[in-house]
Amino acid sequence: MRTKDPEAQYQYLVRKQRMALEEYAAHEIEWADDLLTWYRARKLDMPDDEYRVVVFFKNHEYLRKPGSLTLLHSMYGRMMDELPESTPEIAFDLLAYRFRMYAEILRQGGYDLWLSQ
């Protein structure tokens with residue numbers, strides 16, 4: 001039996017983590033669309049921080065910023081443990097809060113979305 005080269009072995013070992021991050025990104029892109037729809041339905045202006053995170057997911061900017069998606073995924077896990085259970089009355093507020101926290105985490109993590117402005 002032949003052994004795999006180190007690169008192929010590494011890719012094999014991280015496949016589950018990669019799949020989990022891809023599923024997380026797809027999930028957050030759907031939530032970004034929902035947040036845009038909710039703001040539109042309520043006829044409110046979306047705050048800049050939340051909008052930039054929505055664009056971050058929709059434009060797949062996490063692909064150009066290595067480590068940013070992992071950072072957001074770990075923050076998502078912590079928030080789901082700490083935030084109250086979502087109900088129809090507070091679902092919008094929880095989602096908006098989550099995207100505000102994503103913006104703050106990206107800023108603190110060095111993935112500043114605002115450097116170009």
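The values are calculated or read from the model by the stated rules, or taken from the named source; none is laboratory data. The shown structure was predicted, so the numbers you read here are calculated from the model rather than taken from an experiment. Don't worry about glycine lacking a Cβ; one is built from the backbone with ideal geometry, like all the others, and counts go over all protein chains shown. The protein model used for the area step is the full one, side chains on, heavy atoms only, and it has no ligands, DNA or RNA in it. Shrake-Rupley method; radii C 1.70, N 1.55, O 1.52, S 1.80 Å.
For region 26-109, the share of accessible area belonging to carbon and sulfur comes to 53 percent (1.4 Å probe, ligands and nucleic acids excluded). Hydrodynamic radius of region 47-97 by the Kirkwood approach over all distinct alpha-carbon pairs: 12.3 Å.
Against the main long axis of the alpha-carbon atoms of the chain, helix 91-108 sits at an angle near 60°. Report relative contact order for the chain in percent, whole number only (criteria: Cα-Cα under 8 Å, sequence separation at least 6). So the answer I get is 30 percent. The peptide list 102-109, 41-48, 59-66, put in order of mean Cβ contacts within 10 Å with the highest first, becomes 102-109, 59-66, 41-48. Each distinct pair of alpha carbons in the chain adds a 1/r term; the inverse of their mean, the Kirkwood radius, is 15.7 Å. By the rule of a C-alpha distance below 27 Å, with chain neighbours fewer than 8 residues away ignored, the lysines paired with K65 are K16.
Computed per residue of the chain from DSSP H runs no shorter than four, each worth -39500 (n - 2.57), the mean residue ellipticity at 222 nm is -22500 deg cm²/dmol. With each label modelled as a point 7 angstrom along the Cα→C-beta vector, the R15-W31 pair spans 2.8 nm.
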